[in-house]
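Beneath this line is the structure, given in structure tokens, with notes to follow.
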């Protein structure tokens with residue numbers, strides 16, 4: 001039984017952690033505003049504001065009394081939840097205490113300044129505008145990694161920021177398995193695939209109509225508007241907590257399917273946030289496990305729900321209400337259009353389930369070379385184009401649709417892997433759900449999403465950071481992370497769509 005002194009120490013630790021979390025959550029709101037509403041001229045002040053919040057959070061986390069509390073509690077008998085909280089805070093403390101506060105501020109400020117530079121570079125197709133910021137961010141993040149673990153590979157240390165308990169070596173093994181399985185499947189689709197309905201939704205679409213359709217989608221998925229909102233951003237993202245999980249999307253004049261799937265993707269992120277325990281807000285038990293697990297939720301809803309024929313049987317009438325010109329489209333045609341393999345697609349977020357992961361592998365390889373010093377910043381566009389041709393057989397005509405298409409490098413490196421980790425785990429989750437829920441595809445066909453969402457909430461969301469990543473995967477599915485389910489899933493799905501089976 002816990003002593004009064006132990007309970008007091010643990011309560012003090014939670015109070016401190018909640019303060020740190022609230023500072024970070026305030027920073028998320030400022031970041032959301034910067035991406036959606038802030039006037040372009042606000043960047044200098046916003047960079048200082050975010051830098052100050054980062055500095056305050058760092059100071060609170062690395063306070064000597066925080067270290068003393070952790071030392072005291074680690075010698076006590078704790079229950080499982082308390083032990084998980086102490087484990088997670090200790091990990092964050094040990095990493096943060098080794099990094100000078102001035103470096104934390106400089107990274108935050110440089111990141112904020114890099115974002116408008118990236119937007120300008122992309123809009124003007126001038127990589128040179130963004131290159132100095134990218135080079136400086138590389139230097140700063142390497143310096144930070146060397147403070148944290150001077151004897152380790154800086155890139156691996158960076159990867160642990162978002163995915164602390166899944167070894168990078170294991171992820172790269174999974175990448176090798178995917179490369180071996182996906183490349184021949186993509187080639188088979190290209191060379192022998194049947195003709196499918198690819199121009200089903202051709203046309204020009206007003207952005208207001210697209211937004212209305214995205215809102216319809218969120219309504220049908222039962223998005224909690226009391227704790228969320230939909231806005232637009234240059235690159236779709238979700239930001240928030242279990243009390244306020246906001247999603248963004250973007251629109252294309254000639255394509256409403258991509259904004260639709262992007263919205264469902266971000267809904268998956270929001271569902272994770274909203275499924276976290278309210279009573280654990282501000283503590284590790286009320287925070288998402290990792291970037292890879294987060295992506296598993298967005299990729300699950302985008303692909304295993306939103307790209308199924310069952311979903312299009314349910315959703316197509318809503319599309320026809322907004323766009324009557326598609327009155328004669330069948331669910332099968334809509335399904336094929338939503339799943340066509342774009343072998344000539346340059347853009348990751350618009351890629352199909354097969355070529356998507358070649359985009360991720362490409363980025364990861366470039367990052368590794370860049371962080372290791374084997375690739376100069378000026379050579380990134382050419383290296384990008386070289387790997388695009390090698391992996392996908394296409395070369396971007398501009399850097400805007402090539403190496404400038406993603407904003408992610410303004411925030412750091414070694415995070416792209418988690419999109420693929422998420423996809424692999426999503427397929428593993430779907431296989432488990434098929435075993436544990438009676439006919440989940442029929443539930444999707446009827447628009448009954450609650451049983452699926454409730455299963456995910458119980459097995460993933462409400463667990464917070466109680467388990468490490470590898471433990472959570474085994475708890476939820478009964479086995480370690482494996483690429484087997486994903487490869488089986490895409491082989492069967494695209495074999496059927498393209499009549500390869």
### Message
It is to be established whether one or more residues within segment 374-396 are within 21 Å of residue 254 (Cα to Cα) and surrounded by 16 or more Cβ atoms within 10 Å (Cβ to Cβ).
### Response
yes
So the helices (runs of 4 or more DSSP H) completely within segment 416-501 holding 3 or more residues that are over 29 Å from residue 286 (Cα atoms) are 440-445, 484-497
Conditions (1) surrounded by fewer than 18 Cβ atoms within 10 Å (Cβ to Cβ); (2) over 23 Å from the mean Cα position of the chain (by Cα); (3) in a helix (DSSP H, G or I) -> residue 152 fails only (3)
Residue check, residue 259 within 25 Å of residue 119 (Cβ to Cβ) and surrounded by 16 or more Cβ atoms within 10 Å (Cβ to Cβ): yes
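For segment 433-460, how many residues are touching a residue at least 40 places away in the same chain (Cβ under 8 Å), within 26 Å of residue 159 (Cβ to Cβ) and surrounded by fewer than 23 Cβ atoms within 10 Å (Cβ to Cβ)? Quick ask: steps written out before the conclusion?
Taking segment 433-460 first, the residues touching a residue at least 40 places away in the same chain (Cβ under 8 Å) are 441-442, 444-447, 449-450, 452-453, 456-457, 460.
Right, trim to within 26 Å of residue 159 (Cβ to Cβ) and you get 456, 460.
Cutting the leftovers down to surrounded by fewer than 23 Cβ atoms within 10 Å (Cβ to Cβ) gives us 456.
Residues in segment 433-460 being touching a residue at least 40 places away in the same chain (Cβ under 8 Å), within 26 Å of residue 159 (Cβ to Cβ) and surrounded by fewer than 23 Cβ atoms within 10 Å (Cβ to Cβ): 1 in total.
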query = Taking the condition surrounded by 15 or more Cβ atoms within 10 Å (Cβ to Cβ) and either touching a helix residue (DSSP H, G or I) at 6+ places or on another chain (Cβ under 6 Å) or on the phi > 0 side of the Ramachandran plot (or both), does residue 205 pass?
reply = no
Picked from segment 88-123 (must be in contact (Cβ under 8 Å) with a residue 60 or more places away in the chain and surrounded by fewer than 17 Cβ atoms within 10 Å (Cβ to Cβ)), the residue nearest to residue 400 (Cα to Cα) is 123
Per the filter on segment 262-291, residues surrounded by fewer than 21 Cβ atoms within 10 Å (Cβ to Cβ) and without any contact (Cβ under 8 Å) to a residue 60 or more places away in the chain are 278, 279
Going through (1) part of a loop (DSSP other than H, G, I, E, B); (2) under 24 Å from residue 274 (Cβ atoms) one by one, residue 403 fails only at (2)
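Being part of a loop (DSSP other than H, G, I, E, B) and more than 17 Å from residue 490 (Cβ to Cβ) is the filter here, so list the residues in segment 308-356 that pass it.
We begin by selecting, within segment 308-356, every residue part of a loop (DSSP other than H, G, I, E, B); these are 308, 323, 327-330, 340-347, 351-355.
Selection gives 323, 327, 328, 329, 330, 344, 346, 347.
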Test result for residue 489, modelled with pLDDT of 95 or more, more than 21 Å from residue 82 (Cα to Cα) and surrounded by 15 or more Cβ atoms within 10 Å (Cβ to Cβ):
yes
Those helices (runs of 4 or more DSSP H) completely within segment 57-140 that have 3 or more residues that are within 27 Å of residue 374 (Cβ to Cβ) and at pLDDT 95 or above are 101-124
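The values are calculated or read from the model by the stated rules, or taken from the named source; none is laboratory data. It should be emphasised that the depicted structure is a prediction, and the values quoted were computed from it without experimental measurement. In this analysis, Cβ positions are derived from the backbone assuming ideal geometry, glycine residues included, and neighbour counts consider all displayed protein chains.
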